[in-house]
Amino acid sequence: MANKELSFTDQAIASDMLFESKAAIKDIATALTETTSSEIRTFLKKELKSAIKQHGQIYNYLHEKGIYDAYNVQAQISNDVDYGNEALKQ
Amino acid sequence: MNKFIEKLTGMTDLTDQVIATDILIAAKSEVRNYALAITETASPAVRETLTKQLDEAIDFHEQMTNYMIDNGYYYPNDTKKQLELNLKTADTALNLANN
Amino acid sequence: MQDNLGVHESLELQEIMSFKSLCLTKASVMKALVTDETLKGLMEQDAMMHTRHLEELKSHLN
């Protein structure tokens, strides 16, 4: 699945999903620290776990596609600049 | 001397409350810090460690919250009472700083 | 067990470690000021948890 390069739209949607999954983890964790009901706490803990799992999956997907590279900062920056230029052309 | 003892005993009570509150706030920050760190995780081993530790941090936060509620330091279901308590705590802190 | 860590990832771990070190120090020092036994127990539990977590985090970093 790593062979085919992603289209601009696919890349935008995948990146958006990564950001959404990040936001979800942060929001659920914040909500957890404001909870006093054990029922809600159990529910949020389950949600948090699945949000973390989803974040891992999306991150791995983007990593395999070469869109997101946490290990090579230089490559990531040039990638982001390319994407920015592409976005300006739309 | 009487006044001094009064202040001291008054403070012993406060010390527990202050320390418990401090730990609760730290536990809260921890949960958020972990969640934040997990969203920047790339290696599965680190993600696993952080997720496991986050789980424990949440459990500890729960215990601490319950302790605060049981001891009347925290009224999550009664904002009026919580406000009274917060104002009282603020006054005590102001008095302590000004004396 | 030196993991292959990303830059941001490694910095996040370090930040958690320094926060935890602070929590552990406070839990150890302030335990002496506490009068309530339940609270004391919670603080001991807290200190034990931070110690364990710190060791785990350290193993990812060195």
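Tell me which residues, restricted to the range A:32-63, are closer than 17 Å to residue A:15 by Cβ, within 9 Å of chain B (Cβ to nearest Cβ) and surrounded by fewer than 17 Cβ atoms within 10 Å (Cβ to Cβ).
Scanning the range A:32-63 gives A:60, A:63.
Consider residue B:51 carefully, then state whether it is within 11 Å of chain A (Cβ to nearest Cβ) and open to solvent by less than 20 Å² (accessible area, probe 1.4 Å). Steps first, answer last, please.
Values: within 11 Å of chain A (Cβ to nearest Cβ): yes; open to solvent by less than 20 Å² (accessible area, probe 1.4 Å): no.
Criteria not met by residue B:51.
Consider the range C:37-62. How many of its residues are open to solvent by 20 Å² or more (accessible area, probe 1.4 Å) and of a type outside the set (Gly, Ala, Ser)?
Total meeting the criteria: 14.
Do you know which residues across the range C:22-36 are surrounded by 13 or more Cβ atoms within 10 Å (Cβ to Cβ) and of a type in the set (Gly, Ala, Ser)?
C:27, C:28
Which residue is modelled with the lowest pLDDT, if the candidates are limited to the range C:1-18 and must be open to solvent by 70 Å² or more (accessible area, probe 1.4 Å) and within 13 Å of chain A (Cβ to nearest Cβ)? Outline the logic, then answer.
Of the range C:1-18, the ones open to solvent by 70 Å² or more (accessible area, probe 1.4 Å) are C:1-2, C:4, C:7-8, C:11, C:14-15, C:18.
Right, trim to within 13 Å of chain A (Cβ to nearest Cβ) and you get C:4, C:7-8, C:11.
On the way: C:4: 81, C:7: 88, C:8: 89, C:11: 92.
Applying the filter and picking the extreme gives C:4.
Pick from A:48, A:6: which is part of a helix (DSSP H, G or I), aliphatic (A, V, I, L, M) and over 12 Å from the mean Cα position of the chain (by Cα)? Please lay out each step first, then the result.
On the way: A:6 fails: part of a helix (DSSP H, G or I).
After ruling out the rest, the residue left standing is A:48.
Scanning for something more than 10 Å from chain A (Cβ to nearest Cβ) and more than 16 Å from residue A:35 (Cβ to Cβ), does the range B:57-69 turn up at least one residue?
No - not one qualifying residue is present in the range B:57-69.
Counting only residues that are more than 8 Å from chain A (Cβ to nearest Cβ) and open to solvent by 20 Å² or more (accessible area, probe 1.4 Å), how many does the range B:35-48 have? Lay out the reasoning, then the answer.
At the first step, the residues of the range B:35-48 found to be more than 8 Å from chain A (Cβ to nearest Cβ) are B:37, B:43, B:45-46, B:48.
Among the residues that remain, those that are also open to solvent by 20 Å² or more (accessible area, probe 1.4 Å) are: B:45, B:48.
Residues flagged as more than 8 Å from chain A (Cβ to nearest Cβ) and open to solvent by 20 Å² or more (accessible area, probe 1.4 Å) within the range B:35-48 amount to 2.
Looking at the structure I just gave you, is residue B:57 under 25 Å from residue C:33 (Cβ atoms), surrounded by 13 or more Cβ atoms within 10 Å (Cβ to Cβ) and free of Cβ contacts under 8 Å to residues at least 60 places away in the same chain?
Working: under 25 Å from residue C:33 (Cβ atoms): yes; surrounded by 13 or more Cβ atoms within 10 Å (Cβ to Cβ): yes; free of Cβ contacts under 8 Å to residues at least 60 places away in the same chain: yes.
Here the answer is yes, as residue B:57 does meet what is asked.
Residue A:35 passes all but one of (1) under 19 Å from residue B:54 (Cα atoms); (2) part of a helix (DSSP H, G or I); which number fails?
Against the list (1) under 19 Å from residue B:54 (Cα atoms); (2) part of a helix (DSSP H, G or I), residue A:35 comes up short only on (2).
Kindly list the number of the only condition in (1) at pLDDT 95 or above; (2) closer than 16 Å to residue B:17 by Cβ that fails for residue B:89.
(1)
With respect to residue B:15, determine if the residue is farther than 20 Å from residue A:24 by Cα, surrounded by fewer than 20 Cβ atoms within 10 Å (Cβ to Cβ) and more than 8 Å from every other protein chain (Cβ to nearest Cβ).
Working: farther than 20 Å from residue A:24 by Cα: yes; surrounded by fewer than 20 Cβ atoms within 10 Å (Cβ to Cβ): yes; more than 8 Å from every other protein chain (Cβ to nearest Cβ): no.
Answer is no for this residue.
Being touching a residue at least 60 places away in the same chain (Cβ under 8 Å), more than 9 Å from chain B (Cβ to nearest Cβ), part of a helix (DSSP H, G or I) and under 27 Å from residue C:10 (Cα atoms): is that true of residue A:11 here?
Numbers: touching a residue at least 60 places away in the same chain (Cβ under 8 Å): yes; more than 9 Å from chain B (Cβ to nearest Cβ): yes; part of a helix (DSSP H, G or I): yes; under 27 Å from residue C:10 (Cα atoms): yes.
Spelling it out, residue A:11 is indeed touching a residue at least 60 places away in the same chain (Cβ under 8 Å), more than 9 Å from chain B (Cβ to nearest Cβ), part of a helix (DSSP H, G or I) and under 27 Å from residue C:10 (Cα atoms).
The values are calculated or read from the model by the stated rules, or taken from the named source; none is laboratory data. In this text, all values refer to a predicted model and were calculated from it rather than measured experimentally. Note: ideal-geometry Cβ built from the backbone for every residue, glycine included; neighbour counts use all protein chains shown. Accessible surface is based on the protein model in full, side chains and every heavy atom, while ligands, DNA and RNA are left aside. Shrake-Rupley method; radii C 1.70, N 1.55, O 1.52, S 1.80 Å.
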